[in-house]
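Throughout, read-outs are computed from the coordinates displayed, never taken from laboratory work. All values derive from a computational prediction rather than experimental measurement. Ideal geometry is used to build each Cβ from the backbone, glycine not excepted, and the neighbour counts take in all protein chains shown.
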Amino acid sequence: MNKQPPLARPDGHTASGQRISFLLPSTTLANIDDVALALANTCRLGGHTRQFFSNAQFAVLLSEIVPERHAWEGLLCQAYKAIIGDPLPSICRYFGAYQAFEARMKAASRAQFGLPEVMSEPVLEALLQLKATELHQFGPKRIPLPDELVAIKPLTFSIPEMAPIVAYRAFLDRHEYLWREDEARRGAYLDGGDSA
């Protein structure tokens, strides 16, 4: 009797070789260098943009437009996208199985970086405003805005084009600055995950 090969484990690996379990994510998903690199190489909106706009650049901008005390959360609230990528928004909204998977990875990521379980209101407001801005400036043409963005006024500044390697360095620089600024934040991060 021919034996069936064992099913592949639902795991992934970061650029540094770290294994990530998608079924049982720990509170240490990836080190910060892996996060920065993956976010910098991943385009927003599933790549359907008229200008390359990485998740790393988005995170840096978000951390800069929120009140300073929320900057750490702004930088890292979407760090989970370093692991699962950035699919089209419609996939995130309408497929229940994907929503459950995303929620599991998001919760593990927030725990790793010492973020509150529920996104704080100032970060959510800034996140929606930055989403409206990206769609306004270089999102797909001739599509209606999602309901949650219809009443949101875009930011007035023009988002500059940034190459992945520049966004990678900008993310790490911002992370280091915020890390050094707040000793209490460092303690929460070390309690929740890997500081590397």
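Neighbours of Leu24 by Cβ distance under 12 Å: Lys/Arg scored +1, Asp/Glu scored -1, total +2. The chymotrypsin sites (Phe, Trp or Tyr not before Pro) of region 17-125 meeting both criteria, a DSSP state outside H, G, I, E and B (loop) and at most 16 other C-beta atoms within 10 angstrom of the site's C-beta, are Phe22, Phe52, Phe95.
Taking the Cβ of His48 as the centre, find all other residues whose Cβ is under 12 Å away and add up their charges (Lys, Arg: +1; Asp, Glu: -1). That sum, taken over residues with Cβ under 12 Å, equals +1. Panel note: the C-alpha atoms of region 28-117, placed on their principal axes, show extents of 33, 30, 24 Å (largest first).
Computed from the C-alpha gyration tensor, the three semi-axes of the ellipsoid equivalent to the chain are 27, 23, 16 Å, from longest to shortest. For region 147-152, backbone phi angles converted through the Karplus equation (6.51, -1.76, 1.60; θ = phi - 60°) give residue-by-residue couplings of 3, 6, 10, 4, 8, 8 Hz, Gly and Pro being listed as x.
Database remark: amide H of Ile20 closer than 5 angstrom to the amide H of Gly12, His13, Thr14 (H placed geometrically; neighbours at sequence offset of 5 or more, or on other chains; Pro and chain starts carry no H).
Once the other residues with Cβ under 11 Å from the Cβ of Pro116 are scored (Lys, Arg +1; Asp, Glu -1), what is the net sum? Can you show the working numbers first?
Numbers: positive: Arg110; negative: Glu73, Glu117, Glu121.
Charge balance in the 11 Å sphere: -2.
Label-to-label distance for Thr28 and Ile165 is 3.1 nm, based on points extended 7 Å past Cα in the beta-carbon direction.
Can you tell me the dipole magnitude for region 30-186 around its Cα centre, using point charges on the Cβ only (Lys, Arg +1; Asp, Glu -1), in Debye to the nearest 20? Before the final figure, lay out each step's value.
Details: 17 positive and 19 negative charges, 99 e Å.
Charge dipole of region 30-186: 480 debye, to the nearest 20.
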